[in-house]
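Presented below is the structure to which this report refers.
The values are calculated or read from the model by the stated rules, or taken from the named source; none is laboratory data. Keep in mind it's a predicted model, so treat the numbers as computed, not measured. No Cβ is skipped: glycine too gets one built from the backbone with ideal geometry, and neighbour counts run over all protein chains shown.
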């Protein structure tokens, strides 16, 4: 029913619209991703100030009319992540995290766990940027994406061959099969090292703050496994989990 809506939200994206407005993509715990217009927010005397920028966690008030866009009527900052904004690497990691959530969970279906996961990721980036140790590494971005796969019901099968159930001789990864495959089923798969397998297992089973590093070659395999899983089962293609030098 049309009317007022009050919810927590993370600003995933903010785009200029018209002379003084902004279109926002928001992620909420109980309404999934929603889009809203903030009228007059770019004027110097706007009551919203700068709190409708990306990565802000808000208590937001919206009005739902008959159209697809809701209208922002009020917003209060829960967490602005100011330290994150002062570090280019952390800012980039936050942008990639929000982009992944917005693309993989683009509907109004509620996923409170995804909202909490995104809030935790942004908080960690903010904490580590403030301590002079920004969590901007490739490993951190990949661990976050592994947990997004889990939340989406797309977590890869790692305990046994995704084709035949063989628990041993696991040598490759198949996006089509949805996980690791054994030597007898490896046709069409790509090699998955022990380091990559261990990283994926730990990322699914441990907290975001407990992510551990892995050799670059192994992280490349993890990135490829995540991409193959998403392309085969969700028809989604994401930008790389982190910016990397050539």
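Key figures
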read-out: Residue in the range 129-143 that is farthest from the chain's Cα centre (by Cα), counting only those that are more than 16 Å from residue 218 (Cα to Cα) and touching a residue at least 40 places away in the same chain (Cβ under 8 Å); value: 130
read-out: Residues being assigned to a loop (DSSP other than H, G, I, E, B) and in contact with a strand residue (DSSP E or B) (Cβ under 6 Å, 6 or more places away or on another chain) - total across the range 160-187; value: 7
read-out: Residue in the range 128-146 that is closer than 26 Å to residue 55 by Cβ, touching a strand residue (DSSP E or B) at 6+ places or on another chain (Cβ under 7 Å) and not in a strand (DSSP E or B) present; value: no
read-out: Test: residue in the range 156-169 that is under 21 Å from residue 216 (Cα atoms), at pLDDT 95 or above and in the same structural domain as residue 189 (by TED's automatic domain parsing); value: yes
read-out: Scan of the range 197-233 for residues that are surrounded by fewer than 16 Cβ atoms within 10 Å (Cβ to Cβ) and in a loop (DSSP other than H, G, I, E, B), ordered by number; value: 206, 207, 212, 213, 215
read-out: Given (1) under 15 Å from the mean Cα position of the chain (by Cα); (2) assigned to a helix (DSSP H, G or I); (3) loosely packed, with under 14 Cβ neighbours inside 10 Å, number of the condition residue 237 does not satisfy; value: (2)
